[in-house]
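First up is the structure itself, then whatever we jot down about it.
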Amino acid sequence: MFGLTLEDFLTDAKQSVLFTAPSLEKDLSAFLEEHTERIKNLAKTALDKGYKQIYWVGSGNSWCNLYSGDYILNKMTDLPSNYYKSYDFIWTNPSRLDKDALVILASFSGNTEDTAAALRFANEKGATTISFTSKPDSILAREADESIVYDSNGLFILPLAGAFIFSLEIARLKGRDVSKLYEQIEIMPELLGRIYKEEESRAYRLARKYQESDLFYVLASGAAYAIGYKFGLTVFMENMRVNASFIETSEFRHGPAEILDGHKPLMVFLVGSDESRDMSERVIKIAESNGAEIIRFDVKDYGDFDPLFAPFLLMIPLQWFAVYSAYYRGIFDLDERVLMGRGKMSTGNQITWP
């Protein structure tokens, strides 16, 4: 049935851009050591310069990894913050986008059409720009006022950590006690290394059990919202080539629940430890009582951490599941794309993605 043994597939997969989990302990540790103080200084500068508006801008995965920055600012500070997909940012043309605005963007390649356009749009409006990218010789690295170049395949966790630290530092400078959160960031690399080792066997079992499923509903809310979007739409569909949809957990009750009358879908719940947890439990109960198949990834399985750390804690278990699921669907090269990255869907000089 398969053209590559599982052992050989896993050997190759561990070199893949998709499967960043094997190196995250090392790469996150290096990122924190190299960039933490600079990111904190950028946060202090943002306050010193009196920016009146923060915008977070990206596409696909790189939209997802900035979510926590916006979430923290809105939850912990009075500094206005908004979160946009790259072309929506341009099309909306926010009235507060001017010299008093700071725009933070992310793109793994640094040459994503949507985000390069958003960066140039922000620059034209006179805003200050900060970018997160892995490529030093890229549009985002060259044309942003400040660029954090992380030189790693950790395209979700490393920019996530950068956005996290930036917003936590804003909160600290505005008088919030975030010392416990900083302590938890420091132990995150070691924890991710442990989760990587412990979660493989469960992911293997789930992938085998559901290898014939071709439709996944991914539900998440609160601090886990963006990682739910990431896996529902930018991993399961992109890398497993299955039909998938992302639904904010509480919204399932407002229409989508009626599918349970005629279908028994596979539903993947990302359950946080924040205020959204009760709603997750309610919707899981509704789904189970109406015959849906449930896969549950729960942040409480990984220790007693602040609810804000949900995307850090859930990323590796979900990634392991996607890797094994790809194999059992006959996808042996995790980095191969049919349309993306081939110039079929992007335009512009030096643009390489999607």
Quiz item: Does segment 13-33 hold any residues that are in contact (Cβ under 8 Å) with a residue 12 or more places away in the chain, open to solvent by 10 Å² or more (accessible area, probe 1.4 Å) and either part of a helix (DSSP H, G or I) or more than 20 Å from Thr133 (Cβ to Cβ) (or both), and which are they?
Solution: Pro22, Ser23, Glu25, Lys26, Asp27, Ser29, Ala30, Leu32
Quiz prompt | 2 or more residues among the acidic types (Asp, Glu) and within 30 Å of Gln184 (Cα to Cα): qualifying helices (runs of 4 or more DSSP H) within segment 233-347 | solution = 277-289
Quiz prompt | Residue list for segment 264-293, restricted to those being touching a Lys or Arg at 6+ places or on another chain (Cβ under 8 Å), within 14 Å of Tyr225 (Cβ to Cβ) and either free of Cβ contacts under 8 Å to residues at least 12 places away in the same chain or surrounded by fewer than 19 Cβ atoms within 10 Å (Cβ to Cβ) (or both) | solution = none
Quiz prompt | Enumeration of residues in segment 303-354 that are under 30 Å from Arg205 (Cα atoms), hydrophobic (A, V, I, L, M, F, W, C) and free of Cβ contacts under 8 Å to residues at least 40 places away in the same chain | solution = Val338
Self-check item: Any hit, segment 242-249, residues being open to solvent by 40 Å² or more (accessible area, probe 1.4 Å) and over 26 Å from Arg329 (Cβ atoms)
Solution: yes
Quiz item: Out of (1) more than 15 Å from Tyr328 (Cα to Cα); (2) modelled with pLDDT of 95 or more; (3) open to solvent by less than 60 Å² (accessible area, probe 1.4 Å), the odd one out for Thr234 is which?
Solution: (2)
Exercise. Could you grab me the full set of residues in segment 194-231 that are part of a loop (DSSP other than H, G, I, E, B), of a type outside the set (S, T, N, Q) and surrounded by 15 or more Cβ atoms within 10 Å (Cβ to Cβ)?
Key: Glu199, Tyr210
Quiz item: Which residue pairs have Cβ atoms closer than 7 Å, lie 6 or more positions apart in sequence or on different chains, and pair a first residue in segment 76-96 that is under 18 Å from Ala106 (Cα atoms) with a second residue that is open to solvent by 40 Å² or more (accessible area, probe 1.4 Å)?
Solution: Ser81/Asn74; Tyr84/Thr92
Quiz item: Of all residues in segment 148-159, which are open to solvent by less than 10 Å² (accessible area, probe 1.4 Å) and more than 18 Å from Ile195 (Cα to Cα)?
Solution: Ile148, Pro159
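The values are calculated or read from the model by the stated rules, or taken from the named source; none is laboratory data. None of the values given here were measured: they were computed from a predicted structure. FYI the Cβ positions are ideal-geometry reconstructions off the backbone, even for glycines, and counts take in every protein chain you see. Ligands, DNA and RNA are stripped out before the accessible areas are found, and what is left, the full protein with its side chains, is counted by its heavy atoms. Shrake-Rupley method; radii C 1.70, N 1.55, O 1.52, S 1.80 Å.
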